[in-house]
Amino acid sequence: MNKKILLSNIDKLHTTKMGIDRIKRNLKLEKNDVVSYCKQKILSKNCNIYKQGKNWYAEIDNCRITINSHSYTIITAHQISA
């Protein structure tokens, strides 16, 4: 699937209150603006973006961000081993 679809809709990215807490906990972030953090990661030129089922996945810096492909909600993010 063409990652340009996600990149052209980057301004639609958002998350829920529970999503903010989950992303901060999983990535050990201090920042409250996790959406900006995730956007910055997704827009990095080394980011590997792919679609599987109903979700987009963005992998960079040992981190995987999961985004719903219909609503552009950031569902979660996890540390992954390289």
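Students often get this wrong: which residues of the range 45-82 have the backbone nitrogen under 15 Å from the point 7 angstrom along Cα-to-C-beta of Asp21? Under cut-off, by backbone N: 76.
Note on the chain: GNM, Cα springs under 10 Å; of Lys45, Lys28, Lys12, the largest mean-square fluctuation is that of Lys45. Ellipticity at 222 nm from helices only: DSSP H runs of n ≥ 4 in the chain, each -39500 (n - 2.57), divided by the residue count, give -9000 deg cm²/dmol. Under the convention that each Lys and Arg Cβ holds +1 and each Asp and Glu Cβ holds -1, the size of the dipole of the chain around its Cα centre is about 120 debye. Quick one: pull the percentage of alpha-carbon pairs in the chain with a separation above 15 Å. Considering the chain, 50 percent of its Cα-Cα pairs are separated by more than 15 Å. Over the range 1-62, Cα pairs under 8 Å with separation of 6+ residues give a relative contact order of 31 percent. Need one number: % antiparallel among DSSP beta bridges in the chain, to the nearest 5. The antiparallel fraction comes to roughly 95 percent.
Read-outs: derived from the displayed coordinates by stated rules, not from any lab. Note that this is a predicted model, so its numbers are computed, not measured. Heads up, the Cβs are rebuilt from the backbone with ideal geometry, glycines too, and the neighbour counts pull from every protein chain shown.
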